[in-house]
Amino acid sequence: MLFIFRQLRARFAYLALFLFSTTSPYAQERVFTLKELFSLADKNSKEIRFHQLAIREAEQGVKVARNAYLPSLSVKAEASYIGDGCMTDRDFSNAIHADMPHWGNSFVVKAQQVLYAGGGIRSGVRQSQLEKQIAEQEHLNSRQDLRFMLAGYYLDLFQLRNQELVYRKNIEQTRLLVKDMQAAYRQGTALKSDITRYELQLQNLELGLTSTTNRLNVLNHRLVTTLGIEPGTHIVPDTLYLKQVLIEERQESEWAAGIGASPTMQLAGLGIKLEQNRRKLIQSEQLPHISLSATNELNGPILVEVPPLNNNFAYWFVGIGISYNIDALFKGKRKLRQADISIQKQEEKRRLAEEELENSIHEAYINLQEAYTQLRTQKKSVQLAHENFDIVRQRYMNGLALITDMLDASNTQLDMELQLANYQVGILYQYFLLKKQIGAL
């Protein structure tokens, strides 16, 4: 009997050590807080690097668009071979051979500066700036999604390691029980069916342990590859950190007030601005474009004279050009109607995103309150499990209970303790979900 009590005390000591420290059977372990995982993800995640490159690309796009404000300069040089000429009357009779200078050359330098483009250049730059802002918001949105995924994996690791502990301790106790029952069977005080039942239970427990270990392996591999950690490293959740996370006490209306600042809503707002700017680009096509140009040309030989002059002729000019696309008068109306529909679509998309966020926040808030209720209920269940264990222990000491009753009571107590930890994890999950919805994770 004393041996049994020692085994039970060791069992709960092992549980306490697991829940409040970082002891684990794996090799190459590293303890991480959730903030450390977030920091590693910002540095090493391929998805984050992809969005960072998209931002850099958009920044270059803004610089390229601003080039339209600068003057354009072109240089053209050409050398040619000129064949002899032939002169005839108007009825193509009396053909006369005309000797021509055979080598021709042309050199043109042209500079042009746009003075007015109907707002098209300004709208083009604005378009690139909006695309850059969208790339930045997509980066923030992706960052929030990645962090929430990591938080979920982190909490899953904690729960799975707790579950693994339950299986290992139950397997250990079941093996001891089977051994004791086999000894009792040889003495004629136990039935063969009882041994078979617990041997079957042992097989189920070992199968459950294998499944849990495999899930831990898969989850750990995902985290290691995502974070760029050395392969073979086993990530251990910092249980003390999880217990010290400060959960903000906010009402649902306070959470909903942060919707406007979320990356999702910011993206939706930028989508509207992008379509509005595209409409301005279409309008700019219906306005005249004015440009200043200066040209210097040097050509030779001079072929407009008869006979041709084998000389170079240089001249230059400066002028203002006005161009107007008449097609835009009737084609542009259809484009403007399409642009108006696109703006309406983006506005509806924003309203839809706001509605979905409000529903998600409401659901997460209700689930958070439910998790608090479950935690309070589970605390009472743990208290009752402790009281039940004390009663069964007293009965066993008085010879009124069997060893199976003691083990069942200890299993119940252990399961209640682990479920309590899991309910605490459930509160953290809903809290992280609320922060993710408003872009504050």
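The values are calculated or read from the model by the stated rules, or taken from the named source; none is laboratory data. Note that the structure is a prediction, hence the values are computed from the model and not measured. Note that each Cβ is placed from the backbone with ideal geometry, even for glycine, and that neighbours are counted across all protein chains shown. For the accessible areas, the whole protein counts, side chains as well, though only heavy atoms, and no ligand, DNA or RNA atoms are used. Shrake-Rupley method; radii C 1.70, N 1.55, O 1.52, S 1.80 Å.
Quick notes on this one:
- Residue tally, condition closer than 25 Å to V425 by Cα, outside any helix (DSSP H, G or I), of a type outside the set (D, E, K, R) and without any contact (Cβ under 8 Å) to a residue 12 or more places away in the chain, over the range 246-276: 2
- Of all the numbered requirements in (1) in a helix (DSSP H, G or I); (2) in contact with a strand residue (DSSP E or B) (Cβ under 8 Å, 6 or more places away or on another chain); (3) of a type in the set (G, A, S), S293 misses one, and that requirement is (1).
- If you go through the range 288-336 and keep only what is among the aromatic types (F, W, Y) and touching a Gly at 6+ places or on another chain (Cβ under 9 Å), you end up with just F313.
- Some residue of the range 338-346 being assigned to a helix (DSSP H, G or I), without any contact (Cβ under 8 Å) to a residue 24 or more places away in the chain, β-branched (V, I, T) and closer than 30 Å to N277 by Cα: yes
- L352 in contact (Cβ under 8 Å) with a residue 40 or more places away in the chain and closer than 30 Å to G426 by Cα: no
- Qualifying positions in the range 226-238 - open to solvent by 10 Å² or more (accessible area, probe 1.4 Å) and assigned to a helix (DSSP H, G or I): T226
- Members of the range 361-403 found to be open to solvent by 90 Å² or more (accessible area, probe 1.4 Å) and not in a helix (DSSP H, G or I), listed by number: N398, L400, L402
- Residues in the range 93-118 that are aliphatic (A, V, I, L, M) and either assigned to a loop (DSSP other than H, G, I, E, B) or within 57 Å of the chain's Cα centre (by Cα) (or both): A95, M100, V108, V109, A111, V114, L115, A117.
- Residues considered: N325, N311, N299. Of these, the only one that is closer than 22 Å to R126 by Cβ and polar (S, T, N, Q) is N325.
- Of the residues A77, A68, the single one that is open to solvent by 40 Å² or more (accessible area, probe 1.4 Å), in a helix (DSSP H, G or I) and more than 30 Å from L223 (Cα to Cα) is A68.
- Test for I320: is it touching a residue at least 24 places away in the same chain (Cβ under 8 Å), open to solvent by 80 Å² or more (accessible area, probe 1.4 Å) and over 30 Å from Q424 (Cβ atoms): yes
- For the range 80-92, filtered to residues that are part of a strand (DSSP E or B) and open to solvent by 90 Å² or more (accessible area, probe 1.4 Å), the residue that is modelled with the highest pLDDT is Y81.
- Scoring V218 on the criteria (1) free of Cβ contacts under 8 Å to residues at least 12 places away in the same chain; (2) of a type in the set (A, V, I, L, M); (3) closer than 30 Å to E358 by Cβ leaves a single failure, condition (3).
- Yes/no for W316 being closer than 29 Å to Q437 by Cβ and of a type in the set (F, W, Y): no
- In this entry, A117 passes the filter for residues that are surrounded by 16 or more Cβ atoms within 10 Å (Cβ to Cβ), hydrophobic (A, V, I, L, M, F, W, C) and at pLDDT below 90.
- Here V108 fits the description: farther than 25 Å from E47 by Cβ, in contact (Cβ under 8 Å) with a residue 60 or more places away in the chain and in contact with a Lys or Arg (Cβ under 6 Å, 6 or more places away or on another chain).
- Residue match in the range 102-110 (condition: of a type in the set (G, A, S) and either within 30 Å of N310 (Cα to Cα) or buried (at least 18 other Cβ atoms within 10 Å of the Cβ) (or both)): yes
- Selection status of E199, at pLDDT 85 or above and surrounded by fewer than 17 Cβ atoms within 10 Å (Cβ to Cβ): no
- Residue tally, condition touching a residue at least 40 places away in the same chain (Cβ under 8 Å), out of contact with any His (no Cβ under 7 Å at 6 or more places or on another chain) and among the acidic types (D, E), over the range 28-74: 4
- Hey, Q346 among the polar types (S, T, N, Q), surrounded by 15 or more Cβ atoms within 10 Å (Cβ to Cβ) and at pLDDT below 85 or not: no
- Given (1) farther than 24 Å from E285 by Cβ; (2) touching a residue at least 12 places away in the same chain (Cβ under 8 Å), number of the condition L115 does not satisfy: (1)
- Qualifying residue in the range 52-60 (condition: open to solvent by 100 Å² or more (accessible area, probe 1.4 Å), acidic (D, E) and not in a loop (DSSP other than H, G, I, E, B)): yes
- Test set (1) more than 30 Å from L336 (Cβ to Cβ); (2) open to solvent by 70 Å² or more (accessible area, probe 1.4 Å); (3) acidic (D, E) - E285 fails condition number: (1)
- Boolean, L205 is under 38 Å from the mean Cα position of the chain (by Cα), surrounded by 18 or more Cβ atoms within 10 Å (Cβ to Cβ) and closer than 30 Å to A421 by Cα: yes
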